[in-house]
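Asker: Have a look at this one.
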Amino acid sequence: MPARNPFAEYANNKILTASPAEVTLMLYEGAIKFCNIAIIAIDNGEIEKAHINIKKTQRIIEEFRNTLDRQYKVAEDFDRIYIYLLQRLFEANMKKDKAILEEVNMHLRSVRDTWKEVMRRNRQA
């Protein structure tokens, strides 16, 4: 029988009890984290680790694209942002270019911060 991992149980419960807005925030945080890991991996010459984490970042952004509610006009704006980020991640992965990843991370942080502000305002309303 595997050992009980309280941290894994806590993380799983956090996800299962989160609102859709909180899950979205967690995904932004995850994309930023994986992008940061890829940057560090490039610095350390760990090419495979960089590739794996860039792909994780891409999968999160692809999920954002796939779940856009296209009945709202703002979805088109987000789709353009996500397409751009995916193109840049592809290029960063091909070249193992840290500068591109830092640019992507800057955009991810900006969108995450905007999302946090939207969540904050909705709690106040």
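The values are calculated or read from the model by the stated rules, or taken from the named source; none is laboratory data. Treat the numbers as computed from the prediction; the structure is a model and nothing was measured. We place every Cβ from the backbone using ideal geometry, glycine too, and count neighbours over all the protein chains shown. Remember, those area values only see protein heavy atoms, side chains included, never the ligands or the DNA or RNA. Shrake-Rupley method; radii C 1.70, N 1.55, O 1.52, S 1.80 Å.
Asker: Report whether or not E29 is open to solvent by 60 Å² or more (accessible area, probe 1.4 Å), modelled with pLDDT of 95 or more and within 20 Å of the chain's Cα centre (by Cα).
Answerer: Numbers: open to solvent by 60 Å² or more (accessible area, probe 1.4 Å): yes; modelled with pLDDT of 95 or more: yes; within 20 Å of the chain's Cα centre (by Cα): yes.
In short, yes.
Asker: Among the listed residues E48, E102, E63, identify the single one that is of a type in the set (D, E, K, R), in a helix (DSSP H, G or I) and in contact (Cβ under 8 Å) with a residue 40 or more places away in the chain. Reasoning before the result, please.
Answerer: Details: E48 fails: in contact (Cβ under 8 Å) with a residue 40 or more places away in the chain; E63 fails: in contact (Cβ under 8 Å) with a residue 40 or more places away in the chain.
Exactly one residue qualifies, and that residue is E102.
Asker: What residue, of A38, A92, A99, is under 14 Å from the mean Cα position of the chain (by Cα), at pLDDT 95 or above and more than 25 Å from A21 (Cα to Cα)?
Answerer: Working: A92 fails: under 14 Å from the mean Cα position of the chain (by Cα); A99 fails: under 14 Å from the mean Cα position of the chain (by Cα).
Going through A38, A92, A99 in turn, just one is under 14 Å from the mean Cα position of the chain (by Cα), at pLDDT 95 or above and more than 25 Å from A21 (Cα to Cα): A38.
Asker: Right, here's the next one. Is it the case that M119 is in a helix (DSSP H, G or I), open to solvent by 80 Å² or more (accessible area, probe 1.4 Å) and either aliphatic (A, V, I, L, M) or touching a strand residue (DSSP E or B) at 6+ places or on another chain (Cβ under 6 Å) (or both)?
Answerer: Details: in a helix (DSSP H, G or I): yes; open to solvent by 80 Å² or more (accessible area, probe 1.4 Å): no; either aliphatic (A, V, I, L, M) or touching a strand residue (DSSP E or B) at 6+ places or on another chain (Cβ under 6 Å) (or both): yes.
So M119 does not fit the description; no.
Asker: In the stretch 102-115, how many residues are farther than 14 Å from Y82 by Cβ, open to solvent by less than 70 Å² (accessible area, probe 1.4 Å) and under 12 Å from the mean Cα position of the chain (by Cα)?
Answerer: 1
Asker: Of all residues being without any contact (Cβ under 8 Å) to a residue 24 or more places away in the chain and hydrophobic (A, V, I, L, M, F, W, C) in the stretch 84-99, which is least open to solvent (accessible area, probe 1.4 Å)? Just the residue, please.
Answerer: Result: A99.
Asker: May I pose another question? For C35, only one of the following conditions fails: (1) more than 17 Å from M94 (Cβ to Cβ); (2) in contact (Cβ under 8 Å) with a residue 12 or more places away in the chain; (3) of a type outside the set (F, W, Y). What is its number?
Answerer: Condition (1) is where C35 drops out.
Asker: Please identify the pairs in which a residue from the stretch 112-123 that is at pLDDT 95 or above has its Cβ atom under 6 Å from the Cβ atom of a residue that is part of a helix (DSSP H, G or I), counting only partners at least 6 apart or on another chain.
Answerer: Filtered contacts from the stretch 112-123: R112/Y28.
Asker: All but one of (1) open to solvent by less than 60 Å² (accessible area, probe 1.4 Å); (2) assigned to a helix (DSSP H, G or I) hold for I81; which doesn't?
Answerer: (1)
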